[in-house]
């Protein structure tokens, strides 16, 4: 019964072992002023997170959440990628009753005669240790051991919250790698961006996991870019594959580090580059297999391509529209972009990494602007830009803070940024919570159905 989940746990363990060589300290590649946070700061963050756990909402209520959850439940209990029974379970219980759900997920089939799933397998990989814990709790407490009962859903929800918190810690470490104090910006990300929503209100979405994947990939990149060791490049390739398996559009974050590597003077670039590509391919194998089983080809369902217009006609809307525009709904992103713009001006050691970071953000904005259905009613923010915050806000917000304000004003500036952004975001969170509460609606988003 648990063999499918055990294979996911084994894959996660293998990826952790690949990253193990990076656990030893090394000097920052970008300057001598590498800062480590005081122990009390780490303790404060941990205590705040633990105190916040009761706010996590352990429920599944949208089609996107159902699709990501279906991967894990089907592999764990059914040992296959046939999702009809998962979809039928949620539909029969009134959870998946939005317009288009039945037609899309319980009537249409793929070229391999399976039910459609627009999600990816990466969240299932990350959630699997927590799902195992939920399985043990279900067996110990007498709850239904069916993969759907409360212990399983709660395990996934709390798992996402933990990955969101790990994304914050990794963003803080990225700021340290750039020589900045990242603790206060990490708090600003936590409270002033949509990560708050996807950690606590709708954790079974992929976004908290996506923030973790992007932050992990960015940290590994900044950690190895001084010497580009082969083992480090293997870790970078594996982290890149994990990132792409969580959300497909996150693969574009690979472009910045790839250009950084090609522009370096590291010896053995060919060997290291091939090792990184091989690691990416090996780690991406579960998603490649899922594509072949579900769709009959390496890639998402064919209907996804019909939603893309690569002339990116919606770029300005993605950034500035009052309907989920990135800067309108996430004001802190403006501070982050400012920080990235200032980073190259700091010196030659920072120029290339700053340009690469800006390039990756621009690519995500371009991809978001290329999706015809870029805005989705009932969702808190433009979801294509979710991973940008995990990459940019920590070091970038810290950078803007260092460059633009005298030290005596840092604390006031941090407080102002956090409070203003938190006030704006809290209103949106409250509004979305009220609109999407179980009493008002059992289904809020069917992005894949449109």
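Put in order of Cβ neighbour count within 10 Å, fewest first, the listed residues 308, 243 become 308, 243.
With the simple model of a label 7 Å out from the Cα in the direction of the Cβ, residue 289 to residue 316 spans 4.8 nm.
The ranking of 176, 248, 99, 84 by Cβ neighbour count inside 10 Å, starting from the fewest, reads 99, 84, 248, 176.
Reported to the nearest whole Å, the Cα centre-to-centre distance from region 185-223 to region 342-363 is 21.
Normalising the average separation of contacting C-alpha pairs (under 8 angstrom, six or more residues apart) by the number of residues puts the relative contact order of region 154-241 at 34 percent. Arranged from fewest to most other beta-carbon atoms within 10 Å of their beta carbon, 104, 218 become 104, 218. Once the Cβ-Cβ distance between residue 323 and residue 53 is put in as r, and R0 is 30 Å, what FRET efficiency do you end up with, to the nearest 0.05? Here the calculated transfer efficiency is 0.40.
Put simply, when 115-121, 278-284, 189-195, 57-63 are sorted by average Cβ atoms within 10 angstrom per residue, most first, you get 189-195, 115-121, 57-63, 278-284.
The residue 133 and residue 84 beta-carbon pair, evaluated with R₀ = 25 Å, returns a calculated FRET efficiency of approximately 0.40.
Among rounded, prolate and oblate, which fits region 166-215 when a ≥ b ≥ c are the square roots of the eigenvalues of its C-alpha gyration tensor, a/c under 1.5 means rounded, and a/b larger than b/c means prolate?
Numbers: a/c = 3.77, a/b = 1.78, b/c = 2.11.
In terms of gyration-tensor shape, oblate.
If R0 equals 22 Å, the separation of the Cβ atoms of residue 277 and residue 298 corresponds to a calculated FRET efficiency of about 0.90.
Using only Cα atoms, locate the centre of region 120-158 and the centre of region 291-325, then give the distance between them in Å, rounded to an integer. Rounded to whole Å, the Cα centres lie 30 Å apart.
Quick note: the coordinates plus some simple rules give every number you see, no bench work behind them. For clarity, every value in this text was computed on a predicted model and none was experimentally measured. Ideal geometry is used to build each Cβ from the backbone, glycine not excepted, and the neighbour counts take in all protein chains shown.
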